[in-house]
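Trainee: I have a structure here, written as structure tokens, and I will follow up with some questions on it.
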Amino acid sequence: MSDKLTKDHVQLLLDLDQIRDSIEDVPELCKEFCNYLSREAGFDEAAILLKDEESGGLSNPNPHIPMSNEVREFVAKAGELPTESEYENSNMIAFRLQPRDSYIGLLVLRTVESLDEKMRQRANLARAIIDSAVEHALDFSELKCRRQELEAVFALDRLRDSHLAFDEMIDKSAKKILQFVPSDASCVLLYNEVTEAMDIRFPSSADCSPYETQENLKKIGELAEHAFKLKNLVSAENISEEIGSALCIPLILGQDIIGAFLALRKTKDAFSLPARRILTAMASQIDTAIFETFERKRIKGVFSRYVAADVVDEMLRTDHDFFKGYRKELTVLFSDLRGFTSTSEKLDTDTVVGMLNEHLSIMTGVVLKNGGTLDKFIGDCVMAFWGAPVERKDHAFSAVKCGIEMTREHKDLMEKWQTQGLPPINIGIGINTGDMFVGNIGDERKSSYTVIGDNVNLASRLEGVARGGEVLVTKNTMEHIGNYSKAVALEPVRVKGKQDPIELFRILEIEK
């Protein structure tokens, strides 16, 4: 192709640029490009086919605008997904749309007469604009879809946390589907796997009467059964006179199918990929929360902040009242960065925050891995305990094992900090075992699951005595782990709040 651009070529580029800059919707953009090429650029037919992310094949973004049989046959001969950048015969040419080597679709152009050099030049110029324009529109569509997904998820999160009565929660969930998924009607289907009974609920505030006939309710039930069998989203068209297209996604709690979300509309066009993704995102929020009892939700909501997921699962398998306070022998651990406050004054804020977040993240992981309950962060201090909410007979052993692992993990972190030119700030750890009060303390506005008492204070005092890299334990803790550890007895120390000196030990090793 000649490098020289004629006046016609420049006008072609300007016109295509104007289309690109004025339209963000992918199907509309493809339609306008094709309309222009077939009406103004001398081609008799133009088609843009886009790669379907689900099937990997090509699809028409405007299915209501059919392609000629000649173009269909040409695309098939081109292998549908051509490996070459272009493919042509006497009167048609196909370009692979692949900006930045990312394959996104195919541009097909047809003329009644044979292709000449002038038409090939126009085709190449059009491809140069269209592939980047379609890529930009697809990227914009993806960002828009993700934003809508997040908005839908956030809306359901707020609804879930509002603690409404069950029926009201279901009704508002159906309304949210109608709000976020482009549809004429929506419903939540409740399913009893034992009796196979279905309870289909439309939103109370919307007129869904055309969809509530016996025939349509039966069709909705059949669509749900199909989704239940696949355990996946189902899209269907031409279901009935009123239901031109529908989306149905099952709600699955654990291994149990408990219902479905449905979006319905009169038009027979299939729901778009963004609509399918939004409904899927909404279902992922609801099926794990809205159908649980308030108590189960409360347990998850509160204790997921303190313990590992497997501990929460163990809690949900019992009928124990975890919010009721009680006294119990537990082991509590305090870990603190030595001299962090004074050192941080010499560093910029971003560095301090980065170091602190990195340290707390690693320490949290060690606590949860060892079955501990993460009580709170107090500045750069980590407070955790063992033996509640789930009983552990080895609470002292697990706490000390955690302390040793924390010092090892933090040693690696200090070495990393040094390579970055940062100061190696060490940690000191104090651990004590004894009776203490444990429970959810506070009121409905703010509460936390924590331990309080004299033995908790003693562990905190011990942490204040520990030097960098030391794990110090009291005699009470040592009596629980003595046969499983190597330790050095230290001189008794006086701590605030205790009249007599406290016997303490520095842990060197603990058996696995």
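Any read-out appearing in this document is the output of simple, stated calculations on the displayed coordinates, not a laboratory observation. All values reported here derive from a predicted model rather than from experimental measurement. Neighbour counts run over all protein chains shown; Cβ positions are idealised from the backbone, glycine included.
Trainee: Limiting things to C-alpha atoms, what are the Rg and the maximum Cα-Cα separation (Dmax) for the range 7-142, in angstroms?
Mentor: In order Rg, Dmax, the Cα atoms of the range 7-142 give 13.7, 42 Å.
Trainee: Compute, for the range 427-512, the length of the dipole vector about the Cα centre, with Cβ point charges of +1 (Lys, Arg) and -1 (Asp, Glu) only. Units Debye, rounded to 20.
Mentor: 240 debye
Trainee: Still on this model: Any chance you could get the radius of gyration and Dmax over the Cα atoms of the range 162-291, in Å?
Mentor: Calculated on Cα positions, Rg and Dmax stand at 13.3, 38 Å.
Trainee: Taking the Cβ-Cβ separation of Leu508 and Thr341 as r and a Förster radius of 30 Å, what is the calculated FRET efficiency to the nearest 0.05? Display every interim value, and only then the final one.
Mentor: Working: r = 29 Å, r/R0 = 0.96.
With R0 = 30 Å, the Cβ-Cβ based efficiency is 0.55.
Trainee: I'd like the Karplus ³J(HN,Hα) series for the range 498-506: coefficients 6.51, -1.76, 1.60, θ = phi - 60°, whole numbers in Hz, and an x wherever there's a Gly or Pro.
Mentor: Couplings: 10, 6, 9, x, 9, 6, 9, 9, 9 Hz.
Trainee: Right, here's the next one. What residues qualify as long-range amide H neighbours of Val181, i.e. H under 5 Å apart, gap of 5 or more or another chain, H built at 1.01 Å from N?
Mentor: Counting only residues 5 or more places away or on other chains, the set is empty.
Trainee: Which ordering of His395, His136, His163 is given by a fewest-first count of other beta-carbon atoms within 10 Å?
Mentor: Numbers: His395 23, His136 16, His163 9.
Placing the least packed residue first, the sequence is His163, His136, His395.
Trainee: Additional query: Of the listed pairs Lys328/Lys475; Lys144/Lys300; Lys219/Lys266; Lys369/Lys393; Lys328/Lys369; Lys346/Lys496, which have alpha-carbon separations greater than 21 Å here? Please list the in-between numbers first.
Mentor: Working: Lys328/Lys475 18 Å; Lys144/Lys300 31 Å; Lys219/Lys266 14 Å; Lys369/Lys393 17 Å; Lys328/Lys369 23 Å; Lys346/Lys496 30 Å.
Result: Lys144/Lys300; Lys328/Lys369; Lys346/Lys496 exceed 21 Å.
Trainee: Of the peptides 305-313, 122-130, 173-181, how do they stack up when ordered by the mean number of other Cβ atoms within 10 Å, highest first? Spell out each step's value before the answer.
Mentor: Values: 305-313: 16.2, 122-130: 20.0, 173-181: 22.0.
Ranking, from highest mean packing down: 173-181, 122-130, 305-313.
Trainee: Give me the distance in nm between label points sitting 7 Å out from Cα along the Cα-to-Cβ direction at Asp161 and Ser209, one decimal.
Mentor: Roughly 4.0 nm, to one decimal.
Trainee: Taking the DSSP beta bridges in the chain as the whole, what percent of them are antiparallel, to the nearest 5? The partial results should precede the final answer.
Mentor: Details: 79 of 82 bridges.
Just about 95 percent of them are antiparallel.
Trainee: Give me the distance in nm between label points sitting 7 Å out from Cα along the Cα-to-Cβ direction at Asp256 and Lys496, one decimal.
Mentor: Placing both labels 7 Å beyond Cα along the Cβ direction yields 5.1 nm.
Trainee: Using r as the Cβ-Cβ distance of Glu196 and His64, and R0 as 56 Å, what FRET efficiency do you calculate, to the nearest 0.05?
Mentor: E between Glu196 and His64, to the nearest 0.05, is 0.90.
Trainee: Could I ask something else about it? What is the Cα coordinate range of the range 299-350 on the first, second and third principal axes, sorted by size from largest, in whole angstrom?
Mentor: Its Cα atoms span 52, 27, 17 Å along the three principal axes.
Trainee: Per DSSP helix of 4 or more residues, -39500 (n - 2.57); summed, then divided by the residues of the chain. What does that give at 222 nm, rounded to the nearest 500? Each step should come with its number before you reach the end.
Mentor: Details: 14 runs with 217 residues, N = 512.
Calculated mean residue ellipticity at 222 nm is -14000 deg cm²/dmol.
Trainee: Arg110: net charge of surrounding residues, Cβ under 9 Å, Lys/Arg +1, Asp/Glu -1, itself excluded? Can you show the working numbers first?
Mentor: Numbers: positive: none; negative: Asp44, Glu45, Glu70.
Combined, the nearby Lys, Arg, Asp and Glu give -3.
Trainee: Quick one: if you stick a label point 7 Å off each Cα along the C-beta vector at Lys416 and Lys475, how many nm between them?
Mentor: Inter-label distance under the simple model: 4.1 nm.
Trainee: Is the shape of the range 295-510 rounded, prolate or oblate, going by the alpha carbon gyration tensor and its root eigenvalues a ≥ b ≥ c, with a/c under 1.5 for rounded and a/b larger than b/c for prolate? Spell out each step's value before the answer.
Mentor: Numbers: a/c = 1.69, a/b = 1.20, b/c = 1.41.
Oblate is the answer for the range 295-510, as a/c is 1.5 or above yet b/c matches or exceeds a/b.
Trainee: Report D for the chain in µm² per second (integer): Stokes-Einstein, Kirkwood Rh on Cα pairs, 4 °C, 1.567 mPa s.
Mentor: Working: Rh = 28.6 Å.
Reported coefficient: 45 µm²/s.
Trainee: Please compute the net charge surrounding Glu491, taking Lys and Arg as +1 and Asp and Glu as -1 over other residues with Cβ under 14 Å from its Cβ. Before the final figure, lay out each step's value.
Mentor: Values: positive: Arg467, Lys475, Arg494, Arg506; negative: Glu470, Asp500, Glu503.
Around Glu491, the charge tally is +1.
Trainee: Still on this structure, please answer the following. Is the shape of the range 84-226 rounded, prolate or oblate, going by the alpha carbon gyration tensor and its root eigenvalues a ≥ b ≥ c, with a/c under 1.5 for rounded and a/b larger than b/c for prolate? Spell out each step's value before the answer.
Mentor: Working: a/c = 3.81, a/b = 2.42, b/c = 1.57.
Note, shape of the range 84-226 comes out prolate.
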